[in-house]
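Structure first, commentary second.
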Amino acid sequence: MASLLSLPQLTPAPVAKPAGRSARPLPGRITCGPRDNRGPLQRGRSLSTEAIHAVQSLKRLTSADRSPAAAIAAASTSLGRLLKSDLVAAMAELQRQGHWSLALAALHVARAEPWYRPDPVLYATFVSSSPDSEDGAGAVDALVEAFLEEKEKGGGFVAGEEDVYKLTRLVRALVAKGRGRAAWSVYEAAVRRGGCEADEYMYRVMARGMKRLGLDAESAEVEADFREWEARLSLPSRARDVLDEMRAREKSSTTTV
């Protein structure tokens, strides 16, 4: 399994303080606000008290050292006892705050849990929230490699059991980030070799995405796969038409006799 320790160290850009605003509250006024640059809660988000405390603890433990090894050790301490829903929420919150490296450390903790399964949607969120930098691009490629290794060790892409919508979200996120080769790796492993039954939307996303990113040969292969898929879909209807025609001829022949 690919190790997340090999991913580049990514740190959020420092947040500039607004000019002209005093750093200290006015005497006699009680003020409160987000701690550690945490933004206000958004509608539709549910973060338990345990998850909030765990995220704050993780950021506090890594304030002096944000190296991958230190982040993973701190994440194991801070997040190791969280329930599945809280750990997933903590990962999402760290991504929202721009602490992508810490979210990766949380993912490392999640991968060791018995409930963990390589979910394309989870990886799609990491791809979408990754920094737009050379290090971020390398980290995305490493994430895709880890995802494909996890799927292979877990039995691969099983035909009929894969959610093509989730896979499409992942390849869409990769195309949007300009990671055409990584998107092609997912498509090849899932659809061309893994037997995952894609749909028209998946083929169109891949064909257009590959062409936009300059991968014309790959785009042509996707279009060929799409034409073959359309031909397979039309076979049952053609067979029914032939059968109906044979029955009509048999009925006409019987009537004549």
- request: Could you run through the stretch 102-119 and say how many residues are over 18 Å from residue 147 (Cβ atoms) and surrounded by 18 or more Cβ atoms within 10 Å (Cβ to Cβ)?
  value: 1
- request: Would you mind finding the one in 223, 188, 200 that is surrounded by 14 or more Cβ atoms within 10 Å (Cβ to Cβ) and either under 21 Å from the mean Cα position of the chain (by Cα) or touching a residue at least 24 places away in the same chain (Cβ under 8 Å) (or both)?
  value: 188
task: Would you check if residue 205 is touching a Lys or Arg at 6+ places or on another chain (Cβ under 7 Å) and either within 21 Å of residue 119 (Cβ to Cβ) or surrounded by fewer than 18 Cβ atoms within 10 Å (Cβ to Cβ) (or both)?
output: yes
- prompt: When you go through (1) in a helix (DSSP H, G or I); (2) surrounded by 14 or more Cβ atoms within 10 Å (Cβ to Cβ); (3) not polar (S, T, N, Q) one by one for residue 194, which number turns out not to apply?
  reply: (1)
statement: Inside the stretch 61-111, the number of residues satisfying the requirement of being farther than 19 Å from residue 125 by Cα and either hydroxyl-bearing (Ser, Thr, Tyr) or in contact (Cβ under 8 Å) with a residue 40 or more places away in the chain (or both) is 10
- prompt: Could you say which residue among 162, 149 is surrounded by fewer than 15 Cβ atoms within 10 Å (Cβ to Cβ), over 12 Å from the mean Cα position of the chain (by Cα) and of a type in the set (D, E, K, R)?
  reply: 149
- prompt: Are there any pairs with C-beta distances below 6 angstrom linking a residue in the stretch 152-167 that is outside any helix (DSSP H, G or I) to a residue that is at pLDDT below 85 and surrounded by 11 or more Cβ atoms within 10 Å (Cβ to Cβ), with the two at least 6 apart or on different chains, and if so which?
  reply: 159/195
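Matching residues to (1) over 19 Å from residue 129 (Cβ atoms); (2) of a type outside the set (Gly, Ala, Ser):
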| site | (1), (2) |
| --- | --- |
| 160 | yes, no |
| 170 | no, yes |
| 177 | no, yes |
| 182 | no, no |
| 186 | no, yes |
| 192 | yes, yes |
| 211 | yes, yes |
- prompt: Is there a residue in the stretch 45-55 that is within 19 Å of residue 130 (Cβ to Cβ), out of contact with any Ser or Thr (no Cβ under 8 Å at 6 or more places or on another chain), outside any helix (DSSP H, G or I) and at pLDDT below 95?
  reply: no
Which listed residue, of 131, 114, is part of a loop (DSSP other than H, G, I, E, B) and in contact (Cβ under 8 Å) with a residue 12 or more places away in the chain: 131
field: Checking residue 135 against (1) closer than 26 Å to residue 60 by Cα; (2) in contact with a helix residue (DSSP H, G or I) (Cβ under 9 Å, 6 or more places away or on another chain), the condition it does not meet
entry: (2)
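The values are calculated or read from the model by the stated rules, or taken from the named source; none is laboratory data. No experiment lies behind these values; they were computed from the predicted model shown. We place every Cβ from the backbone using ideal geometry, glycine too, and count neighbours over all the protein chains shown.
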